[in-house]
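Peer 1: Please read through the structure below; I'll follow up with questions.
The values are calculated or read from the model by the stated rules, or taken from the named source; none is laboratory data. Because the structure is a prediction, the values reported are computed rather than measured. Neighbour counts are summed over all protein chains in view; Cβ atoms, including those assigned to glycine, are modelled from backbone coordinates with ideal geometry.
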Amino acid sequence: MTDLNKICWICGNQADSAEHVLKRSDVSKFYQPTPKQNRDKVFFLKEQILLQLQSAKSKHIKYPNVLCAKCNNETTQPFDIAYSEFINWYDNHKNDVERWRTIDFYDIWGAHWGLKQSLLFKYFAKAFGCRLSHENILVPEDVRQIISQDTWRSGLCVTFTWNYDLILVNSGHKIMISYPLKPVHLPNGDVGYIAGHTYDCLVITYYYFTHSPFFDEHLGAPWSGNGRSVYLGWHSEKDEKKKMALIDSVLTSPSSKIIVPNL
Ligand SMILES: [Zn+2]
């Protein structure tokens with residue numbers, strides 16, 4: 001069997017570049033400008049194991065050998081920039097995001113919103129493709145094409161959810177989550193996938209369905225990189241005991257199995 005980890009899933013050349021599971025700039029923010037001795041602990045929840053990150057360069061937050069250097073550094077750089085701009089805007093407007101649970105890309109990029117929101121979507125397509133490739137799953141052609149096309153038809157879409165529990169978990173510590181890739185068996189026999197990551201209270205979920213898409217509407221309206229606004233869903237664990245167990249496990253037992261906050 002071909003080891004997909006060694007081949008760049010975008011261009012097919014040798015993969016010699018590591019891509020970040022979480023964007024390094026997202027992680028770096030938690031280390032700056034706070035002096036080292038006073039900083040909050042930063043945790044990364046990977047495959048249900050909570051890891052305390054010592055720096056933004058941690059190997060825990062990289063996928064080795066899923067892209068070639070050209071695709072990682074040149075081809076997809078505009079996607080990374082759009083994502084950073086999106087996150088910077090979120091940092092300055094999170095109260096509005098929580099209150100209105102809507103993100104209007106015009107507020108972020110003005111007249112450039114059309115192009116920029118498509119570049120942002122391409123960033124999530126890249127993140128999803130790297131996740132599949134890391135798991136040695138062939139990236140579907142329609143996802144691969146998103147990278148190079150101006151318009152596309154794809155089974156990939158994204159939702160944004162405001163997770164109230166992450167406010168509690170975040171108090172005093174920072175936690176960043178990369179949700180494990182979850183296969184979904186579709187009615188037509190195909191396999192779909194759900195994966196995602198968090199930034200602060202924002203849960204960004206990627207869905208790939210070839211047939212009969214199904215969504216928990218409360219997690220947000222699906223967005224495919226083809227609109228000016230996205231509507232966020234929300235989530236909070238109703239069971240107080242479960243919620244407290246989650247927070248305890250984050251605050252008291254790093255590097256151990258913990259309860260994963262629901263998507
Ligand atoms: Zn490449």
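Peer 1: Could you tell me which of the residues Asn163, Asn73 is touching a Cys at 6+ places or on another chain (Cβ under 6 Å) and of a type in the set (S, T, N, Q)? Can you show your working first?
Peer 2: On the way: Asn73 fails: touching a Cys at 6+ places or on another chain (Cβ under 6 Å).
Sole residue among the options that is touching a Cys at 6+ places or on another chain (Cβ under 6 Å) and of a type in the set (S, T, N, Q): Asn163.
Peer 1: Of (1) out of contact with any Gly (no Cβ under 7 Å at 6 or more places or on another chain); (2) on the phi < 0 side of the Ramachandran plot; (3) modelled with pLDDT of 90 or more, Phe160 satisfies all except one. Which?
Peer 2: Failed condition: (1).
Peer 1: Take the range 225-243 and flag every residue that is of a type in the set (Ser, Thr, Tyr) and buried (at least 16 other Cβ atoms within 10 Å of the Cβ). It would help to see each step written out before you state the result.
Peer 2: First, pick out the residues of the range 225-243 that are of a type in the set (Ser, Thr, Tyr): 229, 231, 236.
Residue satisfying the conditions is Tyr231 alone.
Peer 1: Search the range 56-75 for residues that are among the polar types (S, T, N, Q) and pair each with any residue that is part of a helix (DSSP H, G or I) and modelled with pLDDT under 90 when their beta-carbon atoms are under 6 Å apart and the residues are at least 6 apart or on different chains.
Peer 2: Final answer for the pair search is Asn65/Asn5; Asn65/Lys6.
Peer 1: Would you please name the residue that is nearest to the chain's Cα centre (by Cα), looking only at residues in the range 226-254 that are modelled with pLDDT under 70 and of a type in the set (Gly, Ala, Ser)?
Peer 2: Step by step, filter the range 226-254, then rank; the result is Ser249.
Peer 1: Let me ask something else about it. Which condition number does Val139 fail, the rest of (1) out of contact with any Gly (no Cβ under 6 Å at 6 or more places or on another chain); (2) at pLDDT 90 or above being met?
Peer 2: Val139 satisfies all of (1) out of contact with any Gly (no Cβ under 6 Å at 6 or more places or on another chain); (2) at pLDDT 90 or above except (1).
Peer 1: If you don't mind, there's one more thing I want to ask. Of all residues in the range 178-195, which are touching a Ser or Thr at 6+ places or on another chain (Cβ under 6 Å) and either modelled with pLDDT under 80 or on the phi > 0 side of the Ramachandran plot (or both)?
Peer 2: none
Peer 1: Output the number of the condition that Pro140 fails; it satisfies all remaining conditions of (1) more than 19 Å from Val66 (Cα to Cα); (2) surrounded by 14 or more Cβ atoms within 10 Å (Cβ to Cβ); (3) over 18 Å from the mean Cα position of the chain (by Cα).
Peer 2: (1)
Peer 1: For the range 9-26, how many residues are within 15 Å of Gly129 (Cα to Cα), touching an Asp or Glu at 6+ places or on another chain (Cβ under 9 Å) and not in a loop (DSSP other than H, G, I, E, B)?
Peer 2: The total comes to 1.
Peer 1: Please go through the range 102-113 and give me each residue that is surrounded by 18 or more Cβ atoms within 10 Å (Cβ to Cβ) and either in contact with a strand residue (DSSP E or B) (Cβ under 6 Å, 6 or more places away or on another chain) or under 25 Å from Glu141 (Cβ atoms) (or both), ordered by number.
Peer 2: Ile103
Peer 1: Follow-up question, since we're still on this one. Filter the range 1-18 down to residues that are at pLDDT 75 or above and away from the ligand (no atom under 11 Å from the Cβ) and give me whichever is farthest from Ile137 (Cα to Cα).
Peer 2: Step one: filter the range 1-18 for residues at pLDDT 75 or above, giving 6-18.
Then keep just the ones that are away from the ligand (no atom under 11 Å from the Cβ); that gives 6, 18.
Details: Lys6: 12, Ala18: 17 Å.
Across the range 1-18, the extreme among qualifying residues is Ala18.
Listed here are the residues, each with its yes/no results for (1) in contact with a Gly (Cβ under 6 Å, 6 or more places away or on another chain); (2) surrounded by 18 or more Cβ atoms within 10 Å (Cβ to Cβ); (3) of a type outside the set (S, T, N, Q).
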| site | (1), (2), (3) |
| --- | --- |
| Trp89 | no, no, yes |
| Asn92 | no, no, no |
| Trp100 | no, no, yes |
| Leu115 | no, no, yes |
| Leu120 | no, yes, yes |
